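The values are calculated or read from the model by the stated rules, or taken from the named source; none is laboratory data. Because the structure is a prediction, the values reported are computed rather than measured. Note: accessible area is taken over every heavy atom of the protein model, side chains too, but ligands, DNA and RNA are not part of it. Shrake-Rupley method; radii C 1.70, N 1.55, O 1.52, S 1.80 Å.
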Amino acid sequence: MSGPCSYDRPRRIRRGAALTLFLTGVLAAGAATGTWDQAGDVAEPAARSRPATGAVADRASVERAAAQATADGKSGAQAAADVVSRSGDRWSAVYTPGEFEDFQAQLGGTYVGVGLWVRQQGGGRITVSRVQPGGPAARAGIAVGDRLDAVDGRPAQGRPVTETVARLRGDGPGGSGAAAGTPVRLDLRRGARQWSVTLRRTRLHTENVTVHRPAGGGPTRIKITAFAKGTGAAVRRAVRTADPREGLLLDLRGNTGGLVTEAVATASVFLDGGLVAIYDVHGSQRALYAEGTGDTRTPLVVLVDGGTMSAAELLSGALQDRGRAVVVGSPTFGKGSIQMPSELPGGSVAELTVGHYRTPAGRAVDGAGITPDLIVEDHAEKRARTVLSGLGTGT
């Protein structure tokens, strides 16, 4: 395999085949940080501590466990997940076929759900961490901070957050989510107010790239929440329509990662070819390069924080090492490992750690993160705009 590539439908995966590389926090980050969404969409990580490194799940052991469980008439996915859990590899994960299809869909920017992200907090309480504008939850008036007490009459408090996620998704046999149009009843609490609402799941599109152009002039801010399919092209369109004299703010705060190909495509928007990252797969060294001719003249500041992970760290590290951007904010999360999926006996899919990546200057990211050029904990965007104003103008 010469580099990262995309994949098709999970049930067509050739067993053991390497299909794509993920630098992603998506579902694995949710398991590690206690932050999940209702549809397997990208969730903002709550953790700000450095991840443990070094533990890697053994692929042969995972496959043997799945094969034995399947032969015994048991869940191969659960057996494989148990092996991954015991390994201490916090980034490897095992999905049922239905879960992996949802994972594929969210990397494509769509999912079936109600547009609600949830987070587990102290005492086992489940609270809303994000609401998608225009989705069923938003139209029902659900807001960030609301407490989710029950889903379809089943209490959420004290239960694993993954269980609540499964109920919101309407998981059926095999882990497949419910179809668009199916109802789900939520019991909610906001302060002293308690109420119930029945929502109907619908197919939603996640906006992973949002662009803000100040009406009175000023730098264009491009916010990337995750690297799903089409992210690089969306960023390129945004840059083409921005005023180069005002400069650009590339906001990667809270970005949990995604597809390597899209992170490289985004780097290509700002680089004139050259090295983006070095990575290894089972000890074999590879390199990722920017393609084409990007915008190398417009002043650029990249915003990062402790929730900037994986592919977002790859991008910010490349732009920093190549001298293309000034990085402002707080140190990033520090996930520099790479996962690759393969089908297991019984049809489940294991996304296992296969290697790590380094920046163009050879810096290891795993466990270390990216240190900004200017460390700012509060009012980072304001400081970033000040830095941008001092970088001159693009011509």
Where Met340, Met309 fall by accessible area, highest first, once all protein chains stay in place (1.4 Å): Met340, Met309
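Return the tail of the calculated pair distribution for the range 326-371, meaning the percent of Cα-Cα pairs more than 16 Å apart. Could you put the intermediate results ahead of the total?
Details: 546 of 1035 pairs.
That tail contains 53 percent of the Cα-Cα pairs.
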Heavy-atom accessible area per residue - the range 63-140, 1.4 Å, Å²: 40 Å²
Å² per residue, accessible surface of the range 234-384 at 1.4 Å: 32 Å²
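Average the reciprocal distances over every distinct pair of alpha-carbons in the range 116-155, invert the result, and give the Kirkwood radius in Å. If you can, show how the numbers build up before the last one.
Working: mean 1/r = 0.0950 Å⁻¹.
Result for the range 116-155 stands at 10.5 Å.
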In Å², nearest 10: area of Thr110 left accessible to a 1.4 Å probe: 50 Å²
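Starting from the residue with the highest accessible area, list His356, His379, His205 in decreasing order, probe 1.4 Å.
Details: His356 65, His379 145, His205 95 Å².
These residues rank, largest area first, as His379, His205, His356.
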The range 48-122 - percent of accessible surface contributed by carbon and sulfur, probe 1.4 Å: 46 percent
